[in-house]
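Contents: one structure, followed by commentary.
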Amino acid sequence: MKADCPRVLSIAGSDSGGGAGIQADIRTITNLGGHAMTAITAVTAQNSAGVTAVELMTPDMVLAQIWAVMDDFDADAIKIGMLGSPEIALAVAGFLKSVRNKPVILDPVMVATSGATLADERTIAAFEKIIPLSSLVTPNLDEMERLGGEGAIPGYQVPFLVKGGHGQDEILVDKLVGADGEIERWEGRRIDTRHNHGTGCTLSSAIATYLAQGNELAAAIGKARNYVRESLEVAPGFGAGHGPMGVPKA
């Protein structure tokens with residue numbers, strides 16, 4: 001079953017513009033040959049210019065979605081994105097304690113591409129309950145700093161993929177870092193486009209799908225990075241701001 005159609009559960013927020021969040025996850029998982037399942041943590045009103053409204057689900061509703069899926073379908077991998085509140089984060093952490101031997105990818109979403117805040121300090125603090133239960137954490141440079149910087153990684157005992165896309169250099173570097181230091185790195189020239197909304201969501205859901213298909217961690221990351229770069233190259237050009245990426249041919 002895993003090789004043919006892996007089941008991937010995304011726990012994340014909804015993006016009405018379709019560029020990021022649950023919508024990006026469903027698109028990515030499906031395009032890579034998986035079966036996408038969802039637990040929506042928040043509904044956002046947003047487009048390429050920004051987020052204009054956010055309404056959170058209750059923790060009980062988030063857990064109800066999760067268990068409705070798990071009790072019937074189960075999952076081969078789990079991706080976690082926007083959580084929205086410390087209460088939801090703690091509820092998800094409680095769920096993860098009951099799940100073993102499944103890849104769990106945490107994308108610690110804090111700020112939207114447009115600059116809107118999607119996680120307050122209490123929610124970021126609650127990430128510390130989820131990180132030890134994860135297989136991989138995928139922060140960008142700003143998120144890594146708010147989680148204590150690379151120097152804090154050994155204390156978590158979980159590998160981090162520190163993404164370099166928010167840096168200023170022409171050559172971007174993504175580093176897989178574990179408790180004993182850097183494990184592997186990937187470099188690539190920056191793709192000059194403003195249609196880059198949803199890169200983190202797409203990357204993390206692609207990694208989850210490739211892991212669910214049986215790939216080793218470094219191989220899954222490499223394939224997912226290539227998928228994101230292809231998605232940037234085929235962006236349809238929608239929106240006046242940070243528009244959505246495209247869908248590469250599978």
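The values are calculated or read from the model by the stated rules, or taken from the named source; none is laboratory data. These numbers come from a predicted model, not from an experiment. Positions of Cβ are generated from backbone atoms using ideal geometry, with glycine treated the same way; all protein chains shown enter the neighbour counts. These accessible areas exclude ligands, DNA and RNA; they are computed on the full protein's heavy atoms, side chains included. Shrake-Rupley method; radii C 1.70, N 1.55, O 1.52, S 1.80 Å.
For the stretch 59-72, indicate whether the set of residues that are in contact (Cβ under 8 Å) with a residue 12 or more places away in the chain, in a helix (DSSP H, G or I), touching a helix residue (DSSP H, G or I) at 6+ places or on another chain (Cβ under 9 Å) and closer than 19 Å to Val228 by Cβ is non-empty.
No, because not a single residue in the stretch 59-72 is in contact (Cβ under 8 Å) with a residue 12 or more places away in the chain, in a helix (DSSP H, G or I), touching a helix residue (DSSP H, G or I) at 6+ places or on another chain (Cβ under 9 Å) and closer than 19 Å to Val228 by Cβ.
Could you tell me whether the stretch 221-243 includes any residue that is touching a residue at least 60 places away in the same chain (Cβ under 8 Å), in a loop (DSSP other than H, G, I, E, B), farther than 23 Å from Leu133 by Cα and of a type in the set (A, V, I, L, M)?
Within the stretch 221-243 (the criterion being touching a residue at least 60 places away in the same chain (Cβ under 8 Å), in a loop (DSSP other than H, G, I, E, B), farther than 23 Å from Leu133 by Cα and of a type in the set (A, V, I, L, M)), the answer is yes, since at least one residue qualifies.
Residues to consider are Asp120, Asp107; find the one that is under 30 Å from Gly149 (Cβ atoms), acidic (Asp, Glu) and open to solvent by 10 Å² or more (accessible area, probe 1.4 Å).
Details: Asp107 fails: open to solvent by 10 Å² or more (accessible area, probe 1.4 Å).
Just one listed residue meets the conditions, Asp120.
Do you know which residues across the stretch 199-250 are out of contact with any Ser or Thr (no Cβ under 8 Å at 6 or more places or on another chain), farther than 15 Å from Gln23 by Cβ, open to solvent by 50 Å² or more (accessible area, probe 1.4 Å) and not basic (Lys, Arg)?
Answer for the stretch 199-250, where residues must be out of contact with any Ser or Thr (no Cβ under 8 Å at 6 or more places or on another chain), farther than 15 Å from Gln23 by Cβ, open to solvent by 50 Å² or more (accessible area, probe 1.4 Å) and not basic (Lys, Arg): Gln213, Gly214, Glu216, Asn226, Glu230, Glu233, Val234, Ala250.
Just checking, does the stretch 24-38 include any residue being assigned to a helix (DSSP H, G or I), touching a residue at least 24 places away in the same chain (Cβ under 8 Å) and charged (D, E, K, R)? Give the steps one after another, and end with the answer.
Residues of the stretch 24-38 that are assigned to a helix (DSSP H, G or I), as a first pass: 24-31.
Of the ones still in play, those that are also touching a residue at least 24 places away in the same chain (Cβ under 8 Å) are 24-25, 27-29, 31.
From the residues that got through so far, the ones that are charged (D, E, K, R) too are 25, 27.
Checking the stretch 24-38: at least one residue is assigned to a helix (DSSP H, G or I), touching a residue at least 24 places away in the same chain (Cβ under 8 Å) and charged (D, E, K, R).
Report yes if Gly17 is of a type outside the set (Ser, Thr, Tyr), touching a residue at least 24 places away in the same chain (Cβ under 8 Å), in a strand (DSSP E or B) and over 21 Å from Ala220 (Cα atoms), otherwise no. Talk me through it step by step, then tell me what you get.
Details: of a type outside the set (Ser, Thr, Tyr): yes; touching a residue at least 24 places away in the same chain (Cβ under 8 Å): yes; in a strand (DSSP E or B): no; over 21 Å from Ala220 (Cα atoms): yes.
It is false that Gly17 is of a type outside the set (Ser, Thr, Tyr), touching a residue at least 24 places away in the same chain (Cβ under 8 Å), in a strand (DSSP E or B) and over 21 Å from Ala220 (Cα atoms).
Please state which of the following conditions Val173 fails to meet, knowing it meets all the rest: (1) surrounded by 20 or more Cβ atoms within 10 Å (Cβ to Cβ); (2) out of contact with any Leu (no Cβ under 9 Å at 6 or more places or on another chain); (3) of a type in the set (Val, Ile, Thr).
Tallying (1) surrounded by 20 or more Cβ atoms within 10 Å (Cβ to Cβ); (2) out of contact with any Leu (no Cβ under 9 Å at 6 or more places or on another chain); (3) of a type in the set (Val, Ile, Thr), Val173 fails exactly one: (1).
Might you let me know whether the stretch 79-90 holds any residue that is on the phi > 0 side of the Ramachandran plot and surrounded by 20 or more Cβ atoms within 10 Å (Cβ to Cβ)?
Step one: filter the stretch 79-90 for residues on the phi > 0 side of the Ramachandran plot, giving 84.
The next check asks that each one be surrounded by 20 or more Cβ atoms within 10 Å (Cβ to Cβ); those that pass are 84.
Looking through the stretch 79-90, at least one residue is on the phi > 0 side of the Ramachandran plot and surrounded by 20 or more Cβ atoms within 10 Å (Cβ to Cβ).
Does any residue in the stretch 83-95 that is in contact (Cβ under 8 Å) with a residue 60 or more places away in the chain come within less than 9 Å, Cβ to Cβ, of a residue that is open to solvent by 10 Å² or more (accessible area, probe 1.4 Å) and of a type in the set (Lys, Arg) six or more places away or on a different chain, and which pairs are these?
Sorted first by the residue in the stretch 83-95, then by its partner, the pairs are Val92/Lys129.
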